[in-house]
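The next block holds one structure in the form of structure tokens; read it before the comments.
None of the figures in this text is laboratory data; all of them are computed from the coordinates on show. Note that this is a predicted model, so its numbers are computed, not measured. Glycine gets a Cβ as well: all are built from the backbone with ideal geometry, and neighbour counts include every protein chain shown.
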Amino acid sequence: MSLNKDSELYARVHELFRYENGKLIRKISVNGQAKAGQVAGYFNKSIGYFDVRVDGKCYRQHRIIFLMFNETLPELVDHIDGNPKNNVISNLRSATKAQNRWNCRPNTGSQSGVKGVYKDGSSWKALVNVNNVRYYLGMYKTIDEAKAVVEKKYLELHKDFMFKGDDNVWF
């Protein structure tokens with residue numbers, strides 16, 4: 001979005017909503033159904049995010065919350081803990097597409113359940129791809145050995161955007 005459009009939307013969302021613990025609360029009633037004091041928005045099951053309408057246009061709720069606190073909309077807003085239902089402002093940060101991809105779960109078809117660790121015969125291969133560069137980290141007897149090497153490399157390359165693992169089930 002352009003700076004001018006960001007500032008117009010910033011002003012409008014502050015007219016419509018107040019922020020409270022990761023939720024948007026309506027300040028004013030609109031269209032007869034959405035009443036002042038109600039939680040704004042709805043959970044869009046097809047994409048796994050909360051959406052909210054502003055003057056008829058649909059936005060991801062976490063993007064509106066980020067805008068309310070930062071006065072601008074970046075390319076992407078990343079959920080630090082990887083949980084798209086956690087829209088607490090301390091869990092949201094600006095991210096590039098690459099950074100956002102670094103902070104996501106392993107592929108659901110993964111045998112290991114660990115990004116960068118693949119079964120290869122009776123061994124485990126450690127392999128990391130970042131910015132079109134492939135880092136081959138070796139073959140290991142156990143998944144834990146391969147995981148440790150991969151995590152160290154991801155931490156070096158991704159720093160704060162490294163996916164830290166699933167401690168919770170969100171859906």
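Some points to look at:
- Tensor-based shape of segment 1-87 (alpha-carbon gyration tensor, a/c under 1.5 rounded, otherwise prolate or oblate): oblate
- Greater than 23 Å apart at Cα, pairs in 5/45; 23/45; 119/147; 85/152; 85/147: 5/45; 85/152; 85/147
- The overall shape of segment 32-153, judged from the alpha-carbon gyration tensor, is prolate: a/c is not under 1.5, and a/b is greater than b/c.
- Cβ-Cβ distance of residue 35 and residue 96, R₀ of 41 Å, FRET efficiency by 1/(1 + (r/R0)^6): the value works out to about 0.60.
- Proximal charge balance of residue 116 [Cβ under 10 Å; K/R count +1, D/E count -1]: +3
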